[in-house]
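Following: one structure in structure tokens, then a few remarks.
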Amino acid sequence: MVTGGAGYIGSIFVPALLREGFKVQVLDNFMFGQTSLLECCSSPDFEITRGDARDERLVKACVADADYIIPLACLTGAPICDRNPSEAKGVILGALDVILKFRSKSQRLIYPTTNSGYGLGEKGRFCTEETPLRPVSLYGRLKNSAEEKILAAGNSVSFRLATAFGVSPRMRLDLLVNDFTYRAVTDRFVVLFEAHFKRNFIHVRDITKAFLHAMKNFEKMKGEMFNLGLSDANLSKLELCMEIQKQLPDFYFSESAIGKDPDKRDYIVSNAKIEKTGFKPDVSLQKGIAELIKGFRIIRRNQYSNV
């Protein structure tokens, strides 16, 4: 059972589950008007319920026969949470409380939180799963609280996701790599604020791969949280632009002497813990940028975002 299964991650993950032979129940309110799961409708193993992940009646019915529950329903990102704080709390924490109310202890939970909870890291020091959490946004605080609930409930795994990127049927343009690549393709320039701030990145298909990895190795991984990112992609915004420029030489970028980035996150992350379980990402940052360049020759509309 996947809540928010028609979103950016879900629209990659749900078809992958069907290919693996799972029966999948999705609950989604389609708040962005997306049609990202239409390809799944031909599968007899796919069921879809249109509704709110906080609706107790719907959630109780959807979780009843599930072996795995993956709560993806979320207002994702700092901007949308800051604009809708009550809604963000309801979707992130309230919906999770509903799942935990009706979920049996034998049902396995896999939850995507965020590594943005690290907030402001220490220069030159990698954030591990033991690093104190210091979120600088409401989104980070809510997701940290959700992780606490998930792990306290037991029989669960939590992934602290790096900033996602890549093409998805429910595309997002507000993610950093996607945004900068879109600007490079369409505008050919970007002005950077606080260009030295660093982040870690992970392709959306590798998030799906990690979920499947956890399902296959659940007994070894349960009760733990794992950073999930590319170990060779702890990059500043300036370094990210330089990577994009290697594939789009006409891309121009500069750093503004004034102005600040409203997103104050700045940290580097170690992904050694999940790598020790045998997980290895497939999609490098460079391959993902190449994919996005092709995708943005198709997409020229601005509704593909969470802002």
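The values are calculated or read from the model by the stated rules, or taken from the named source; none is laboratory data. Small disclaimer: the values here were computed from a predicted structure and weren't measured. Counting neighbours? That spans all protein chains shown, and the Cβs are built from the backbone with ideal geometry, glycine included.
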Is it the case, given these coordinates, that LEU138 is surrounded by 16 or more Cβ atoms within 10 Å (Cβ to Cβ) and in contact (Cβ under 8 Å) with a residue 12 or more places away in the chain? yes
Only one of ILE258, ILE299 that is out of contact with any strand residue (DSSP E or B) (no Cβ under 9 Å at 6 or more places or on another chain) and more than 30 Å from ARG19 (Cβ to Cβ): ILE258
Based on what the data block shows, is SER104 in contact with a helix residue (DSSP H, G or I) (Cβ under 9 Å, 6 or more places away or on another chain), without any contact (Cβ under 8 Å) to a residue 24 or more places away in the chain and within 28 Å of VAL2 (Cα to Cα)? yes
Filter the stretch 258-276 for residues that are under 19 Å from the mean Cα position of the chain (by Cα), part of a loop (DSSP other than H, G, I, E, B) and modelled with pLDDT under 95; the one that is nearest to ASN234 (Cα to Cα) is TYR267
Condition first: among the polar types (S, T, N, Q) and within 17 Å of PRO71 (Cα to Cα). Now tell me which residues in the stretch 141-173 satisfy that. ASN144, SER145, ASN155, SER156, SER158
Counted residues in the stretch 181-206 being part of a loop (DSSP other than H, G, I, E, B) and either among the charged types (D, E, K, R) or in contact with an Asp or Glu (Cβ under 6 Å, 6 or more places away or on another chain) (or both) come to 6
Reported set for the stretch 23-43 where residues are surrounded by 15 or more Cβ atoms within 10 Å (Cβ to Cβ), part of a loop (DSSP other than H, G, I, E, B) and among the hydrophobic types (A, V, I, L, M, F, W, C) is PHE30, PHE32, LEU37
Residue check for VAL204: out of contact with any strand residue (DSSP E or B) (no Cβ under 8 Å at 6 or more places or on another chain), of a type in the set (A, V, I, L, M), crowded, with 17+ Cβ neighbours inside 10 Å and touching a residue at least 12 places away in the same chain (Cβ under 8 Å): no
